[in-house]
């Protein structure tokens, strides 16, 4: 699980696609495909935003009634388990 203020692991190669991101981890030779929502979460992981702030941003961006905190926490957990966040 990433820290309270998650940040992207150094050394990852990130490439934008119309529908999200491709993240290459040169240390493990793994390639990760992130959809547009996961890409937003990943991009906001700069060490200055917590899960609640990321959920609030997504709610504003896609005009949701409630911030998707549970979903963001799940996404952060998944990104962390794949070694993309610290």
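The values are calculated or read from the model by the stated rules, or taken from the named source; none is laboratory data. Quantities reported herein were computed from a predicted structural model and do not represent experimental measurements. Because the Cβ atoms are built from the backbone with ideal geometry, glycine has one as well, and the counts that use them run over all protein chains shown.
Just a few scattered comments:
- Boolean, residue 40 is closer than 21 Å to residue 69 by Cβ and free of Cβ contacts under 8 Å to residues at least 24 places away in the same chain: yes
- Residue match in segment 45-64 (condition: modelled with pLDDT of 95 or more, crowded, with 18+ Cβ neighbours inside 10 Å, in contact with a strand residue (DSSP E or B) (Cβ under 8 Å, 6 or more places away or on another chain) and in a helix (DSSP H, G or I)): no
- Summed over segment 16-43, the residues that are part of a helix (DSSP H, G or I), in contact with a helix residue (DSSP H, G or I) (Cβ under 7 Å, 6 or more places away or on another chain) and farther than 14 Å from residue 62 by Cβ give a count of 1.
- Within segment 43-60, being closer than 18 Å to residue 21 by Cα and without any contact (Cβ under 8 Å) to a residue 24 or more places away in the chain holds for 43, 44, 54, 58.
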